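Asker: Before anything else, here's the structure in question.
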Ligand code: HEM
């Protein structure tokens, strides 16, 4: 790669600026984002190790098992929520022109949330009241501080577009997730909601996965997909339809499930399906409008995550139709949507954001110094390709194993997922150390 090309690659922006132009990474918040991304990577690894441990329970469709609930939160709190917080600290100043209101609070949120997620997950999995109480207190403080910080930052934004609205809606859903989670946690050792548990659990997980994680993804992808894909001129109206439909579908589904009103549940399902369809259509418009025909590895992960969301969207209505007794179907639905869909999509964005931030932190101003790698050389695209192939095989095997009730297939899928994540972690370690793959410029 020539110096000129290297410079082009290294001066790539992290977000589309508030005025619609491009802007550079917010160097002031690189540390804040970096600590979140580092902890998130460790949680992804811990979750993947424990996925092998819970493979038999997944194959049996035992989603009410405390082991499954504990491990789920290594992925949802540890990997997803931590990554989203880190991304917000970069994105808000750059994409929305809103400097973080209280950076110190961002660090305080990190130092409560990061240990809290681990204590909470291990407390739930082991049935230890002391651990999960300590964990949930720290998680609650971490979430409240982060939500307050983001909420106080949003009014400073120069641009109040659909990304802005999506973030505002998503942090509201995160707050509801926390409340519902605390109710469920209290129920674990008191049983006070008795038979309503399954419906409250279904509400909690849809509020969390769709309201918090997916709406964030839809809003952030609106800015970042065109930039990562170098896509110009795509019709981008579909994001607002997606956000509107998803945001209204969740309360309808919640009312339907908890009040036993099946008409409301089905109306909720229709809105959620429509919202996802709008998002997929929007993403396909961005992919089609890309200038460079070759799709980079991060975007291939994102596309794989989207396909897995389609699988979950097919399973979702069948789960509602069949009812809670079909526990393997319900488990396969959540694994396809959460692990194969959301977790994998976020890995794709991680591949785009983290090498860039690491490069800026380490090499900014040194692009023309001999021996300085380009961003593309911060990790190995061959290893990333192997990781993607492994991830696709892993999720397909795991979901098929759960549907078929095969413990062997579930073990195979979970082990392959772990192997793929180990490749990912090796890449991120190289990136953090200033990695150097391929020919030097
Ligand atoms: C904010 C703090 C949170 C708390 C206190 C919390 C608490 C809980 C508890 C206690 C359960 C077990 C319920 C039971 O088995 O009856 C549970 C299940 C679940 N939660 Fe959360 N949660 C939180 C955040 C999240 C987030 C952010 C997500 C997703 C993005 C999420 C996704 C799930 C899922 C998928 C399950 C079902 C796991 C299973 O099948 O066992 N949670 N949550």
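Asker: Regarding the stretch 104-115, can at least one residue be identified that is touching a helix residue (DSSP H, G or I) at 6+ places or on another chain (Cβ under 6 Å), within 13 Å of the ligand (Cβ to nearest atom) and free of Cβ contacts under 8 Å to residues at least 40 places away in the same chain?
Answerer: Yes: one or more hits.
Asker: In the stretch 168-192, how many are over 22 Å from the mean Cα position of the chain (by Cα), more than 9 Å from the ligand (Cβ to nearest atom) and either part of a loop (DSSP other than H, G, I, E, B) or touching a residue at least 60 places away in the same chain (Cβ under 8 Å) (or both)?
Answerer: Residues meeting the conditions: 3.
Asker: Name the single residue that is farthest from the chain's Cα centre (by Cα) among those in the stretch 118-141 being without any contact (Cβ under 8 Å) to a residue 24 or more places away in the chain and within 12 Å of the ligand (Cβ to nearest atom).
Answerer: Going through the qualifying residues, I end up with 133.
Asker: How about the stretch 97-144: which of its residues are over 22 Å from residue 70 (Cα atoms) and crowded, with 22+ Cβ neighbours inside 10 Å?
Answerer: The answer is 98, 100, 106.
Asker: Determine whether the stretch 232-246 contains at least one residue that is within 16 Å of the ligand (Cβ to nearest atom) and either assigned to a helix (DSSP H, G or I) or surrounded by fewer than 19 Cβ atoms within 10 Å (Cβ to Cβ) (or both).
Answerer: yes
Asker: Can you name the condition, by its number, that residue 45 falls short on among (1) touching a residue at least 40 places away in the same chain (Cβ under 8 Å); (2) assigned to a helix (DSSP H, G or I); (3) within 16 Å of the ligand (Cβ to nearest atom)?
Answerer: Just one mismatch for residue 45, condition (3).
Asker: Also, quick follow-up: For the stretch 399-411, does any single residue satisfy the condition of being in contact with a helix residue (DSSP H, G or I) (Cβ under 8 Å, 6 or more places away or on another chain), closer than 28 Å to residue 353 by Cβ and touching a residue at least 40 places away in the same chain (Cβ under 8 Å)?
Answerer: Yes, the stretch 399-411 has at least one match.
Asker: Let me ask you something else. Out of 397, 391, which single residue is part of a helix (DSSP H, G or I), surrounded by 23 or more Cβ atoms within 10 Å (Cβ to Cβ) and at pLDDT 95 or above?
Answerer: 391
Asker: Kindly indicate whether any position in the stretch 71-81 is in a loop (DSSP other than H, G, I, E, B), touching a residue at least 40 places away in the same chain (Cβ under 8 Å) and buried (at least 22 other Cβ atoms within 10 Å of the Cβ).
Answerer: no
Asker: Of the residues that make up the stretch 142-156, is at least one closer than 22 Å to residue 242 by Cα, touching a residue at least 12 places away in the same chain (Cβ under 8 Å) and near the ligand (Cβ under 10 Å from one of its atoms)?
Answerer: No, there is no match, as no residue in the stretch 142-156 is closer than 22 Å to residue 242 by Cα, touching a residue at least 12 places away in the same chain (Cβ under 8 Å) and near the ligand (Cβ under 10 Å from one of its atoms).
The values are calculated or read from the model by the stated rules, or taken from the named source; none is laboratory data. Predicted model only: the values in this text are computed from it and were never measured. Because the Cβ atoms are built from the backbone with ideal geometry, glycine has one as well, and the counts that use them run over all protein chains shown.
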